[in-house]
Amino acid sequence: MGGFFLVVAVSLAADKAPQERMTGFSAPGAKAEREVESRFKGIPSAAEARKYHRYLTAEPHPAGSERNNQLAQYVADLWKEQGWEDVTIHRYDVLVSDPREVVVEMVSPVAYRARMREDSYGEDPDTRNPNVRGGYLALSASGEVTAPVVYANSGSPEDYEVLRKQGIDVRGKIVLVRYSNPYSYRGFKALMAQRHGAAAILIYSDPAEDGYVQGKVFPEGPWGPESHIQRGAITYDFMVAGDPLTPGWASVPGAKRITTQQAVSLPNIMAAPLSWRDAKPLLENMGGPAAPKEWQGGLKISYRLGGAARVHVKVDMDTRLAPNYVVEARIRGSQFPDEWILMGNHRDAWEFGAVDPSSGTASMLEMSRALGDLKKQGMRPKRTLIVCSWDGEEIGLTGSTEWGEQFADELKKNLVAYINVDSSTSGPKFEPTAVGSLAPLVVEVSRSLMDPSGRPLYQAWKEDCRLEARSLGGKKKVSDAQMVDTRIGSGSDHTVFLNFLGRPTIGLTFEGTYGVYHSVYDGFYWMNRFGDPGYRYHILLAQAWGVIALRLANAEVLPFDFAFYAMNIRQFLEALTKGKYSRRELDLQPVLRGIAQLQKAGDVLKQAVDSRLAAGPLDPAVAGPLNQCLMAFEGNWLNPEGIPGRPWFKHMLYAARYTYAHLELPGLTEAVESGDWKTAQDQARLLENALAKNAELLRQAASKLTAQRHWVGPEQIIALKRDRPEMGRKKQS
Ligand SMILES: [Zn+2]
């Protein structure tokens, strides 16, 4: 169904809708799009989202489990019912890792056996579910050791340096570290312990970070109680994501596999998580020198570095190949079926996973229901929409990575953008991320959505940004340009699309006070009591997700802002160059000039597109090749060889540190940080070339608009007449 029919059918309703600017649309196109979006936004219902959420969180559903596989079928059936097309379940045979036995017991100076399990509470009957497992860390090595314990704070390289200065060697010992705040990926802690020769690592949740020091604990409050355990994987997926045995290619049945000895992302150390209740007896009996002041946690004891306590650790993991299932469905595009907008969320959870990831799954199922309804009403998007339910995200970003690797060639060519939602809701604070070219779109869309507080989402979000800036001692004013975080780390399913395939990504989430991450208490009760009683943010997320997808799917000119992207790259470079080296060592002037050129080309293109669209709908014969140009942009940031030392990570602007923290201009930054000026110069050269290539691409794109005269069909002429007054206003640009 063409857009024109909609303009006629709904022009009355559309007149009342807010007339915000809509990047990439002519006035008639925007009018039609507004109507499609307003119908879409009316469909998601809190009651439906809650129903899905209850079903998803009724049982533990970790990757590779019977229950999670049933949920794959459930999602597939639902998508068929909702009107989605080409529903497919993809199977990947990957490493899964289940605990047979995990024992942590102090043998001296006093005997204490860690319970490794969480308490149940009458308020939340799910906590009594017999299928809930004890604490373990996936892909831990198996083995057994009895050795002294050393407290190593958060287990970062600087922490080991402190121990070394105290004359404490961790070789052959057991290190006890805390889950740190700000968040640092537990796999990084495991790798550090392994590199320092420790025999095992225990990671516990200190109340200073997610327990009583923060506020009321479960079931009275949202923070973690004494027995809560943060499960998780320790896979070294910051080296290479996905299944460790198929690095860079898909784990389809029968695929070639490397050996576990060859797999760089497989940990080689025993690891287990502890609640603070189980860690406390160890900490109390550590002995040895007092730990530094900054290492003291929230327990009312004096934290010491260790030496006196001996602990027996036994980990027996059942690590084997088993199927993971990715569910995929489409709504084929009416005009450009080979241009894809992809939306995805992982399905696997540590236990019930009410926030992580089932809030995202519930939002996704409401979003897909609404998009399916539009299709049933004859409103097929111009471009193809694809939804995916990923598996094994919690193990090593596995399902999305394998799927991305399997369809790499098509995705590089056809994928306009990937919009990821992991947890959709743990509170009311909107925290989106996006590549620079798509950040302005997220801000634009937020103006057309209503926050449960009764204001536009844009306003509520901006107010949060302002409060945050103030709490950090910054300026009170926050500009639109600062609202979306364009620094993208790892730790979720966008990784393969951005870092391996060079496709633009957006991540959406609402956050709040959340102290039960990866524990049994991240359940339906928690969500209804603390996270999102009423499911209003689940619905808002579904709306935001779908509207962004529809904007991308229906735009006449894809709404990328490359001038903004260039400005971002300049900020990345400025952050890097703050006093770390001198001009003699590395000349970044050519890169800065390249950025300026790119920004200029982006501005020229933006003006050409805006004024062309102000004159009326764009002929698809012009728009088609133009959009192909714009889609090629992100891929030009890929270096086929990858960043030094991590060939799987190919994006020159984005990667993640081993902690999962964002890392911009990764090749250049890591070289500068290690003082390797030769590599830094090489990386700068690569960046310079990519900048020049993309500036040229944008100049070509702009010339497609200015050089060509084209025929305007009769339906567009009618549309133009109807919108003449508005057209006149827009002409001023
Ligand atoms: Zn997650």
*Extreme residue, most open to solvent (accessible area, probe 1.4 Å), among residues of the stretch 192-247 that are acidic (D, E) and assigned to a loop (DSSP other than H, G, I, E, B)*: E220
*Residue among L598, L588 that is touching a residue at least 40 places away in the same chain (Cβ under 8 Å) and more than 30 Å from V547 (Cβ to Cβ)*: L588
*Count, please, the residues in the stretch 88-141 that happen to be farther than 30 Å from V264 by Cα and part of a loop (DSSP other than H, G, I, E, B).*
15
*Any idea how many residues of the stretch 532-579 are among the acidic types (D, E) and assigned to a helix (DSSP H, G or I)?*
1
*May I ask you to say which residue of A542, A469 is of a type in the set (A, V, I, L, M, F, W, C) and more than 20 Å from the chain's Cα centre (by Cα)?*
A469
_As an exercise: evaluate L371 against (1) outside any helix (DSSP H, G or I); (2) away from the ligand (no atom under 16 Å from the Cβ) and give the number of the one condition it does not meet._
(1)
*Taking R593, is it assigned to a loop (DSSP other than H, G, I, E, B) and farther than 21 Å from A30 by Cα?*
no
*T513 fails exactly one of the following numbered conditions: (1) open to solvent by 10 Å² or more (accessible area, probe 1.4 Å); (2) of a type outside the set (D, E, K, R); (3) in a strand (DSSP E or B). What is the number of that condition?*
(3)
*Restricting the search to the stretch 405-435, which residues are more than 18 Å from the chain's Cα centre (by Cα) and part of a strand (DSSP E or B)?*
none
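Listed here are the residues, each with its yes/no results for (1) open to solvent by less than 10 Å² (accessible area, probe 1.4 Å); (2) more than 16 Å from the ligand (Cβ to nearest atom).
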{"site": "P323", "(1), (2)": "no, yes"}
{"site": "V327", "(1), (2)": "yes, yes"}
{"site": "R332", "(1), (2)": "no, yes"}
{"site": "Q335", "(1), (2)": "no, yes"}
{"site": "I341", "(1), (2)": "yes, yes"}
{"site": "E351", "(1), (2)": "yes, no"}
{"site": "V355", "(1), (2)": "yes, no"}
{"site": "A362", "(1), (2)": "yes, no"}
*asked:* Can you report the number of residues in the stretch 597-638 which are in contact with a strand residue (DSSP E or B) (Cβ under 8 Å, 6 or more places away or on another chain) and either open to solvent by less than 10 Å² (accessible area, probe 1.4 Å) or under 21 Å from A695 (Cβ atoms) (or both)?
replied: 4
*Filter the stretch 384-404 for residues that are assigned to a strand (DSSP E or B) and either within 16 Å of the ligand (Cβ to nearest atom) or charged (D, E, K, R) (or both); which is surrounded by the fewest Cβ atoms within 10 Å (Cβ to Cβ)?*
C388
_Single condition A309 does not satisfy, out of (1) away from the ligand (no atom under 16 Å from the Cβ); (2) modelled with pLDDT of 95 or more; (3) more than 26 Å from S142 (Cβ to Cβ); (4) of a type in the set (G, A, S)_ = (3)
_Condition first: open to solvent by 10 Å² or more (accessible area, probe 1.4 Å) and either part of a helix (DSSP H, G or I) or over 21 Å from R304 (Cα atoms) (or both). Now tell me which residues in the stretch 161-185 satisfy that._
E161, V162, R164, K165, P182, Y183, S184
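The values are calculated or read from the model by the stated rules, or taken from the named source; none is laboratory data. Please read all numbers here as calculations on a predicted model, not as lab measurements. Backbone-built Cβ (ideal geometry, glycine too); neighbour counts: all protein chains shown. The accessibility values were calculated without ligands, DNA or RNA, using every heavy atom of the protein model including side chains. Shrake-Rupley method; radii C 1.70, N 1.55, O 1.52, S 1.80 Å.
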